[in-house]
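Structure first, then comments.
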Amino acid sequence: MEIQESKFKEQTNVFYITSWGHCGDHWLSKALNAHPEIFVLNAHEGSRPKYFKDGLGRHERPDILQYTAFLEDMGTDYEAIGECHAYRASQMEPVQSKYGDAIPIVNLQRHPYVWLDFYIRHRASNVRMPDGSNDALDHEWEHSNHELFAEMGLMGYERDDVEIWSAYQGMLLLNQVLPDVESGVRQVKIESVLASREEFCGLVDYLSHGRCDFDARLLDVVYGFSGKVYRGEETEADPEEHFRHWPEWKRQAFLKLVSDDARAAYESFGYRVHDSI
C-alpha cells in the first residue's frame, strides 16, 4: 500500500496564542473553547511540569515543531486547535519558517502593571499547587536573578518575601516585550478583545482561517462570563489603581529594571507607563 504524502502544511488547523504566562486571563481560552469546532489547551505545557516530572522543567517546552504535529494529530476532529499561553512569541520562528501563514500566531499583550500584579500574586499563592508542595516556587526562586537585584541596590529580601523578589523577576520579564515585537508575530491586546465583540470575531476568523464564527447567541454566552472571578484574579483591573498602591521600593525597581525601550513599546500599544516615581 502506498503511503500518501502528508497534507499537513496546506491543511493544518493549528494556531498558537503566545504570551508570558496567561496574565491572569482565563477568559480568552475559555471563550474560544465555547465553540464546538475549536479546541484550546490553556497553558498546558506551562502547567504540566508542575505535576509530571518527565524531564522537562518549568521553563522548558517540547520541540515546537513536534508539538505542532501533536496538536494537528490531537485536533483531527476540530476545525481549529491551539495552544494558548504556554509558548513565547520568540519561540515561534521554526513554525513561521516551516509553515508561514498556514499556522496563525498571535501574541497576547496586557498592561504591564496588571500583568505584573498577577505574576506576583500567582507566586505569592504558591503557583496554585494543590498539595502544598513548594517545588514549583522553589524553581521560581532558583531561576530569579538575585545577583543582579543586589548589584542594582534594590531593596533586600529573604526567601519568604515572595512579593518582593517575584516583583523584581517579573519586571525583568517585562523587557521581553521587545523580542515579542521583533518576532514578527501579530500583537493583540487582551483589553481590546474584551472590549469589542468585533475584535473577538476578527481574532476567531484569523485563528481558524475563516472556518469558525460565533453567532450572537454564543457571543452573549462568552461575554457573559468575561467578568467571572477566577482563583487569584479580579473582575476589573485598573492599571492606575495598581500603580497608586505601589510602595516606593516597587516604583524605583520598575524604573531600574524595565528598560526605556520596553516602556516605549508598551506605550506604542496605547498603555500608559509612568517614567518617574
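Worth a mention:
- Residue satisfying all of: in region 137-153; outside any helix (DSSP H, G or I) and touching a residue at least 24 places away in the same chain (Cβ under 8 Å); most open to solvent (accessible area, probe 1.4 Å) among these: His143
- Residue under evaluation Val273, criteria (1) assigned to a loop (DSSP other than H, G, I, E, B); (2) of a type in the set (Val, Ile, Thr); (3) surrounded by fewer than 17 Cβ atoms within 10 Å (Cβ to Cβ), criterion not met: (3)
- Any chance Gly156 is out of contact with any helix residue (DSSP H, G or I) (no Cβ under 6 Å at 6 or more places or on another chain), in a loop (DSSP other than H, G, I, E, B) and open to solvent by 60 Å² or more (accessible area, probe 1.4 Å): no
- The test for being open to solvent by 20 Å² or more (accessible area, probe 1.4 Å) and either in contact with a Ser or Thr (Cβ under 8 Å, 6 or more places away or on another chain) or within 22 Å of Val258 (Cα to Cα) (or both) holds for Arg121.
- Check on Asp180, in contact (Cβ under 8 Å) with a residue 40 or more places away in the chain, surrounded by 13 or more Cβ atoms within 10 Å (Cβ to Cβ), in contact with a helix residue (DSSP H, G or I) (Cβ under 7 Å, 6 or more places away or on another chain) and under 25 Å from Thr12 (Cβ atoms): yes
- Residue in region 183-200 that is nearest to Arg110 (Cα to Cα), counting only those that are outside any loop (DSSP other than H, G, I, E, B) and free of Cβ contacts under 8 Å to residues at least 60 places away in the same chain: Ser192
- Within region 253-277, residues that are within 19 Å of Ser192 (Cβ to Cβ) and among the basic types (Lys, Arg) reach partners that are open to solvent by less than 40 Å² (accessible area, probe 1.4 Å) and assigned to a helix (DSSP H, G or I) with beta carbons closer than 8 Å, at six or more positions or on different chains, in the pairs Arg272/Pro239.
- Matching entry among Gly210, Gly227 (being of a type outside the set (A, V, I, L, M), over 20 Å from Ala80 (Cβ atoms), outside any helix (DSSP H, G or I) and open to solvent by less than 70 Å² (accessible area, probe 1.4 Å)): Gly227
- All of Phe254, Phe243, Phe225 fail the test of being at pLDDT 95 or above and of a type in the set (Phe, Trp, Tyr), apart from Phe254.
- Wholly enclosed helices (runs of 4 or more DSSP H) of region 16-133 bearing at least 2 residues modelled with pLDDT of 85 or more: 27-33, 64-74, 93-99, 112-124
The values are calculated or read from the model by the stated rules, or taken from the named source; none is laboratory data. Every value quoted in this text rests on a predicted model; they were computed, and no experiment measured them. Here Cβ is always computed from backbone atoms with ideal geometry, including for glycine, and neighbour counts include all displayed protein chains. Note: areas computed on protein heavy atoms with side chains; ligands, DNA, RNA excluded. Shrake-Rupley method; radii C 1.70, N 1.55, O 1.52, S 1.80 Å.
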